[in-house]
Every structure is written in C-alpha cells, then in structure tokens.
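Enquirer: Following this message is one structure expressed as structure tokens.
Every number in this text was worked out from the coordinates using simple rules, so none of it is lab data. None of these values were measured; they are calculated from a predicted model. Here Cβ is always computed from backbone atoms with ideal geometry, including for glycine, and neighbour counts include all displayed protein chains.
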C-alpha cells in the first residue's frame, strides 16, 4: 500500500511539472503543515483525545484567484482515559481540494478525499487486560479559511474525517505551514 501511494505521488508530481513547463505562467508549490485537531463532536471528544501531526502539501496555481491543492499526512491520536480505558483515533488524510482567494493573501478552502482511521483501545475491563484496534477508510472533507504571509500558510478548518458520520466525527483543525516554489 505504501509503495502504491509513493508511486502515485511521484506520477502526479512529474505530470504537474510537465504541464507547468508547457504553461509557463502557472505556479507550483510544495511544503509541509504542522497540525492540531481538537474533536468538537460529542462522540469523538468523549471517546478520544486530540490529534497532532504533519501533512505534506502540493499546490498548483490555476489563476490569480484559484489554486488546486493536495495534502497527505499523519495525525497521531493522543490517548484519552475513558473509565480506565485509554482510547485514541489516529488518521491518515489523503485530500485534494481548492483554495479560492477572496482578497490578497486571504482564502477560503475546501478539500475532500480518503481518511484512513485507526481506533485503538487498551486497558482493563472487569479485571481482564485487553488491547484492540480497528481500521477503517472513509470519505472525508474539510472546509475552512486561511491566510498566507510570504512562504508561511495558516489555516483553520472544520474537519469531517467521515462524511457518513458527520454528527459523530467533527473536529477543528488548525495548521501552520511553510511553502516553497517548484
């Protein structure tokens, strides 16, 4: 699975570089975002802690107001003690989206894609120790606003890692990142 994602990422990058060379005026950027996700829906916040991690970023500027984006990352779920049981939700988001600049440096953004989620729980229940996990891949999305200051990018999003469970899984995701031109 890892090899597939690496190969697809390389293919997309080479295709974008080739199309950028032909277009001339298009701009591409890559970078990294550090992120924190705070669960705000009761199901998620009652059963798991917040997430911290990083996301690799690729951006392709279509025109002065619109940029196509891609982000892939790892958001580690911090354990939360729920009645003596430590539980967490770790995510690997693979999202593509659009940034629309409403004024210079200030943008609205939306993304959609796959969220690979791992639920973990460990502890003792009725004197019996256990350690279990479950993996799921869901369709997720983000919606938010951001601000660019030179090579720095700051964004606040509502994160819905599972569209099918909108009421159960909703978080506030804040990222700060660095971009460089390709």
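Enquirer: Mind giving me the FRET efficiency for residue 63 and residue 41? R0 is 30 Å, r the Cβ-Cβ distance, nearest 0.05 is fine.
Expert: It comes to 0.25.
Enquirer: Here's another thing I want to ask about it. Pulled fully out, how much extra length does the chain show between residue 100 and residue 134, if you take 0.36 nm times their separation in residues and subtract their Cα-Cα distance?
Expert: Working it through step by step, the gained length comes to 8.6 nm.
Enquirer: Taking the mean number of other Cβ atoms within 10 Å as a proxy for protection, how do you rank 125-137, 164-176, 46-58 from highest to lowest?
Expert: 46-58, 164-176, 125-137
Enquirer: Continuing with this model, one more query. What's the FRET efficiency of residue 54 with residue 122 using the Cβ-Cβ distance as r and R₀ = 25 Å, to the nearest 0.05?
Expert: The pair residue 54/residue 122 has a calculated efficiency of 0.50.
Enquirer: Grab the beta carbon distance between residue 79 and residue 180, set R0 = 35 Å, and tell me the FRET efficiency rounded to 0.05.
Expert: After rounding, the FRET efficiency stands at 0.50.
Enquirer: Okay, next question. Once each part is reduced to its C-alpha centroid, what is the distance from the range 94-124 to the range 138-155 in angstrom?
Expert: Using only Cα atoms to place each centre, the spacing works out to 8 Å.
Enquirer: Could I ask something else about it? What number does the chain give for Rg over Rh if you use C-alpha atoms and the Kirkwood radius?
Expert: 1.04
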